[in-house]
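Shown next, in structure tokens, is the structure this report addresses.
The values are calculated or read from the model by the stated rules, or taken from the named source; none is laboratory data. What you see is a predicted model; the values in this text were computed from it and never measured. Cβ sites come from the backbone with ideal geometry, for glycine too, and all protein chains shown count toward neighbours.
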């Protein structure tokens, strides 16, 4: 039996780790929680690239990070990458209420996976970013509220929120799945 390639996911979020392990099942995904300065920026790609730059300053191995956004069309993409802070302050109920003055409840969930290789053998550090996006709409909370905005995000073409879906079903269609699949394809091609 061949040994699976180890990947270090810099996260302290057990839900994100579980999803990454399920999606990247042919790799040995390990996690480490390290405190990285979080750039406050509206451009998700810049945020993820900076997270990787910061990580490579303290880690001498290949690493990956993830950043998620929830973007409301009625609010020109807000809260976007600030979703974590919005959830912490106003909760999912507050997120639904933010759209109460608007008829447009459409939204999209985005995930950016950043991958970094440290500088070695005279080569510069390498940073790659992979994106996944799913369109949907914001609805009244449905399902178990144990992972972020899942109870209020209803993906297009489905009759259940992410929170109502089982992990396997969510992992077939999620924004994180799409980004991690692109990452996985890159790793397989460049082993």
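Just to be sure before I move on: is residue 191 assigned to a loop (DSSP other than H, G, I, E, B), over 13 Å from the mean Cα position of the chain (by Cα) and in contact (Cβ under 8 Å) with a residue 24 or more places away in the chain in the structure I sent? Criteria met by residue 191. Tell me, yes or no, whether the range 132-151 has at least one residue that is closer than 17 Å to residue 64 by Cα, assigned to a strand (DSSP E or B) and touching a strand residue (DSSP E or B) at 6+ places or on another chain (Cβ under 9 Å). Checked the range 132-151: at least one residue is closer than 17 Å to residue 64 by Cα, assigned to a strand (DSSP E or B) and touching a strand residue (DSSP E or B) at 6+ places or on another chain (Cβ under 9 Å).
Apart from one condition, residue 42 fits all of (1) closer than 20 Å to residue 148 by Cβ; (2) at pLDDT 90 or above; the exception is (2). Looking only at the range 51-81, which residues are without any contact (Cβ under 8 Å) to a residue 40 or more places away in the chain and in a loop (DSSP other than H, G, I, E, B)? Within the range 51-81, 76, 77, 78 meet the criteria. Might you check whether a residue that is assigned to a helix (DSSP H, G or I), over 13 Å from residue 70 (Cβ atoms) and within 18 Å of the chain's Cα centre (by Cα) occurs anywhere in the range 89-108? No, the range 89-108 has no match at all.
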